[in-house]
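Scroll down for the structure; my scribbles are underneath it.
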């Protein structure tokens, strides 16, 4: 079975009643379908840091996770981003997929706007949050 610590973090979001009300099932890995209704979010692994010594790995790996949130208004995207941060920052636990998440910590957050595919659509507001996930295999 593949070990994916970021999936446990996304599961935590999807199971939160407030986030579920705001995003429903519209949290996609890497890229959203062109038919996805706003608001939605995408997530992607930006990298993995693993300390090592000459004798092998040392300590726990850290995954860097980027979460991009999109909405039609600035107020809406900020509201969703604030709720997502409240759910994820400091999250611990999450046994599943033979993974234990020791801690999730927000590393950065930035506001922006993007032109979604289609070009004729108006730009949408976005928030990008970056989290570090300290995890270990069971």
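The values are calculated or read from the model by the stated rules, or taken from the named source; none is laboratory data. Because the structure is a prediction, the values reported are computed rather than measured. A quick note on method: Cβ atoms are made from the backbone with ideal geometry, for glycine too, and the neighbour counts reach across all protein chains shown.
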Report summary line: Reported set for the stretch 22-45 where residues are loosely packed, with under 12 Cβ neighbours inside 10 Å and farther than 22 Å from residue 115 by Cβ is 25
Report summary line: By residue number, the members of the stretch 74-88 that are closer than 16 Å to residue 123 by Cβ and surrounded by 16 or more Cβ atoms within 10 Å (Cβ to Cβ) are 76, 77
Requested in this report: Quickly run through the stretch 56-82 and pick out the residues that are outside any helix (DSSP H, G or I) and modelled with pLDDT of 90 or more.
Outcome: 64, 65, 66, 67, 68, 69, 70, 71, 72, 73
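For the stretch 121-138, name all the residues that are over 21 Å from residue 104 (Cα atoms) and modelled with pLDDT of 90 or more. So that I can check it myself, show each step before the final result.
Step one: of the stretch 121-138, the residues over 21 Å from residue 104 (Cα atoms) are 121-126.
Scanning the stretch 121-138 gives 124, 125, 126.
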Query raised in the report: Applying the selection to the stretch 83-104, what residues are at pLDDT 95 or above and either more than 16 Å from residue 27 (Cα to Cα) or in a strand (DSSP E or B) (or both)?
Result: 86, 89
Requested in this report: Tell me, yes or no, whether the stretch 33-45 has at least one residue that is assigned to a helix (DSSP H, G or I), in contact with a strand residue (DSSP E or B) (Cβ under 9 Å, 6 or more places away or on another chain) and at pLDDT below 95.
Outcome: no
Report task. Take the stretch 1-32 and flag every residue that is over 13 Å from the mean Cα position of the chain (by Cα), part of a loop (DSSP other than H, G, I, E, B) and either more than 21 Å from residue 133 (Cα to Cα) or modelled with pLDDT of 90 or more (or both). Result -> 16, 24, 25, 32
